[in-house]
Amino acid sequence: MNRFILISTALLIAGAGCKKKSTDGAPDPAGKATAGASLPALTADPDPGAITPKELPPMESVKFRMLAKRDATGWPEWELYNLGTKPISFVAIYAYAYDASGKQIARTSVPLSWNGKLDPGGKTDFPADVGGDQLTAAAVSFDACYGGMKYDGAADQVRDDNRCPDQKPKGK
């Protein structure tokens, strides 16, 4: 019995050493950056300042501001602003990454479901972390889009399934 425990323990220790991930920041063979990879620094979008809410259609009521912070997968974090006159409680966000030539190289496959309360003229209390596949250093610019949102107290969300396509030219 003791021999079985010793052999099992030795195999577990040896196996654990074989599965250790590299944390040296080198890209993996698939071309994706590892968690410790050094990615280019981000420059935050300018602060829009005070917002005077106005009557807007739902799909024109949210503004994104990219921050100079990244999440664990390399995607930037975003602040959301409510440009409209009704409180917002839900936003379905997609993010896009582009290389230096402006070619799209990544899109989050599932939208981030931001939930909270975004008052008219206000901004989110915490950054939206969109997550997604690990980015490589080739991703140098970003864009965010929302394909659905819900006003606080509304029964249904407003959706536009064509607003955030799989392929989206930068800045459109």
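No value in this document is a laboratory result; all are computed from the given coordinates. This is a predicted model, so every value here is computed, not measured. Cβ coordinates were reconstructed from backbone atoms using ideal geometry, including for glycine residues, and neighbour counts include every protein chain displayed.
For segment 84-151, the Cβ-based charge dipole about the Cα centre amounts to some 240 debye (Lys, Arg positive; Asp, Glu negative; other atoms uncharged).
Shape call for segment 57-172 from the C-alpha gyration tensor, a ≥ b ≥ c root eigenvalues: rounded (a/c under 1.5), prolate (a/b greater than b/c) or oblate? Display every interim value, and only then the final one.
Numbers: a/c = 2.10, a/b = 1.67, b/c = 1.26.
It comes out prolate by the Cα gyration axes.
Put a dot 7 Å past the Cα of PHE126, heading toward its Cβ, do the same for LYS172, and the two dots end up 3.5 nm apart.
Relative to the current alpha-carbon distance between ARG70 and ASP152, full extension at 0.36 nm per residue lengthens the span by 26.7 nm.
May I ask you to compute the full-extension gain from ALA41 to LEU56, defined as 0.36 nm times their residue separation minus their alpha-carbon distance, rounded to one decimal in nm? Present the calculation step by step, with values, prior to reporting the outcome.
Numbers: separation 15, 0.36 × 15 = 5.40 nm, distance 3.44 nm.
Gain on extension, ALA41 to LEU56, equals 2.0 nm.
Near ARG70, within a Cβ-to-Cβ distance under 14 Å, what is the net charge of the other residues, with Lys and Arg +1 and Asp and Glu -1? Net charge around ARG70: -3.
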